[in-house]
Structures are given as structure tokens and as C-alpha cells.
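Visitor: Following this message is one structure expressed as C-alpha cells.
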Amino acid sequence: MARPLLIGLTGSIGMGKSETAKMFARLGIPVNDSDVNVHAVYEPGGAAVPEIEKAFPGTVRDGRVDRALLSKALAADPSGFKRLETIVHPLVAKVQQAFLARVTADGADMVVLDVPLLFETGGHARMDAVVVVSAPSHIQRARVLERPGMTEDKLDQILSRQMPDEEKRAKAHYVVVTDKGLDHAFEQVQMIVKDLRAKIAAGQMPET
């Protein structure tokens with residue numbers, strides 16, 4: 001059975017990636033969101049819950065991982081990010097594989113895998129195309145600092161673990177800029193999908 005084309009969607013915090021993912025979904029393309037997958041394994045009964053409580057005692061409340069408590073633990077000991085990734089990434093990968101099996105069976109010609117740290121984790125290597133969502137840094141910072149509980153220090157800590165936007169854009173097959181309004185961004189997404197479908201039809205993209 002032919003597998004769908006894998007589109008990796010990524011971008012630094014505050015760049016507009018979630019809205020861009022919705023635009024692909026509007027065009028009928030299945031989207032798998034890594035953040036949603038993480039939430040699933042953090043919920044009661046989630047596979048990550050006991051492992052995270054063991055690695056970060058006191059961060060589980062009412063059977064679920066308390067993201068605020070986990071964030072505080074990581075802020076106090078940034079080396080914990082590696083331990084967390086070791087626990088969470090394999091579990092999220094399993095959820096993603098189940099999604100891919102389902103959409104392949106449904107006959108999808110392409111899918112979007114929304115992965116915030118796609119380049120940082122090496123996930124781009126298995127994608128057929130990578131789309132980076134981008135905006136000027138001053139707009140990015142303004143967007144993120146509007147979020148409840150966000151501070152300059154917390155934002156700088158997050159950005160320190162992410163590849164600079166300039167490098168991401170240089171590595172991308174396509175870039176969607178999000179500082180010119182939703183309609184402009186959607187036009188870019190439509191052009192990307194049109195281009196990829198033309199390449200599939202021309203046999204320029206892998207089918208299996």
C-alpha cells in the first residue's frame with residue numbers, strides 16, 4: 001500500500017504554527033499534532049505518567065502530569081529536559097505511528113506531522129518535505145509574551161533550546177510567513193499543497 005507523503009511542519013514558539021496546521025486541515029489534509037500527543041500521554045492512564053513521577057517526583061496531580069509543576073522542575077534543573085525527552089519521545093512516536101497507519105489505510109496522499117522540535121530532534125530526516133512557519137522576531141516575542149504566565153526569562157529559556165529561525169528557514173523546503181495576516185498565510189499553504197501534489201503526480205516524490 002502506498003504511504004502518504006510526509007510533510008513536517010515546524011517553527012519556533014510564537015511563529016503561528018498551530019494556525020498554519022489548521023490551514024492544512026482546512027484543505028482536507030490529515031494533521032498529527034505532537035503537542036496533542038504529549039497531552040494524551042500526560043493524562044490519567046497515560047503511559048508517561050508513572051515514568052515522569054519517578055523522574056520528577058511531585059509533578060503528578062490527580063493522576064495526570066501537572067505541566068506547571070513539571071515546568072518549574074525543569075526551570076530549576078534544565079538538565080531534566082534530556083530525561084524528559086527520553087521518556088516522552090518514544091511514547092509520542094507510537095501515537096504518531098498509529099496515526100500514520102490509520103491515514104495510510106484511508107488512502108491519504110499526504111499528511112502533516114506538526115512537530116515543534118523537528119530539526120532539534122533529527123525528525124526532519126524522515127520527512128519528504130519540511131515547512132517552516134516564520135515571523136519577524138519582534139512579532140514572535142510580542143505574541144509569546146501575551147500568553148498567561150510567560151516572562152522574558154522563560155521565553156529566552158525556551159528559545160535557547162530551539163534552533164534559530166534563520167537556520168530553520170535555510171533548511172526548509174517551504175516557508176510560510178505569518179506576519180501579513182491569515183489570508184496571506186493560507187494562500188501560501190494552498191500553493192505548497194498544489195506544488196507537492198504536482199510533484200507527486202510527476203513522480204518526483206516517493207510513493208512507498
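Visitor: For Val144, all conditions in the list (1) under 25 Å from Met110 (Cα atoms); (2) of a type in the set (A, V, I, L, M); (3) touching a Gly at 6+ places or on another chain (Cβ under 6 Å) hold save one; what is the number of the exception?
Guide: Evaluating Val144 over (1) under 25 Å from Met110 (Cα atoms); (2) of a type in the set (A, V, I, L, M); (3) touching a Gly at 6+ places or on another chain (Cβ under 6 Å) leaves (1) as the failure.
Visitor: Something else: Give the residues of segment 121-149 that are on the phi < 0 side of the Ramachandran plot, in a loop (DSSP other than H, G, I, E, B) and surrounded by fewer than 16 Cβ atoms within 10 Å (Cβ to Cβ), sorted by residue number.
Guide: Thr121, Pro136, Glu146, Arg147, Pro148
Visitor: Conditions: (1) free of Cβ contacts under 8 Å to residues at least 60 places away in the same chain; (2) aliphatic (A, V, I, L, M); (3) touching a His at 6+ places or on another chain (Cβ under 6 Å). Val175 meets all but one. Number of the miss?
Guide: (3)
Condition check ((1) more than 21 Å from the chain's Cα centre (by Cα); (2) touching a residue at least 60 places away in the same chain (Cβ under 8 Å); (3) assigned by TED's automatic domain parsing to the domain that holds Gly8) across all residues:
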| site | (1), (2), (3) |
| --- | --- |
| Phe24 | no, yes, yes |
| Tyr42 | no, no, no |
| Ala47 | no, no, no |
| Ala55 | yes, no, no |
| Arg64 | yes, no, no |
| Leu69 | yes, no, no |
| Leu74 | no, no, no |
| Leu84 | no, no, no |
| Pro90 | no, no, no |
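Visitor: To continue, here is another question. Which members of segment 178-199 meet the condition of being surrounded by 17 or more Cβ atoms within 10 Å (Cβ to Cβ) and not polar (S, T, N, Q)?
Guide: If the condition is that a residue be surrounded by 17 or more Cβ atoms within 10 Å (Cβ to Cβ) and not polar (S, T, N, Q), then Ala185, Phe186, Val189, Ile192, Val193, Leu196 are the ones that fit.
Visitor: Also: With respect to the numbered conditions (1) modelled with pLDDT under 95; (2) buried (at least 18 other Cβ atoms within 10 Å of the Cβ); (3) within 30 Å of Ala129 (Cβ to Cβ), which one is the sole condition not fulfilled by Glu85?
Guide: Answer for Glu85: the failing condition is (2).
The values are calculated or read from the model by the stated rules, or taken from the named source; none is laboratory data. What you are looking at is a predicted structure, and each value in this text was computed from that prediction instead of being measured. Cβ atoms come from the backbone with ideal geometry, glycine included; neighbour counts cover every protein chain shown.
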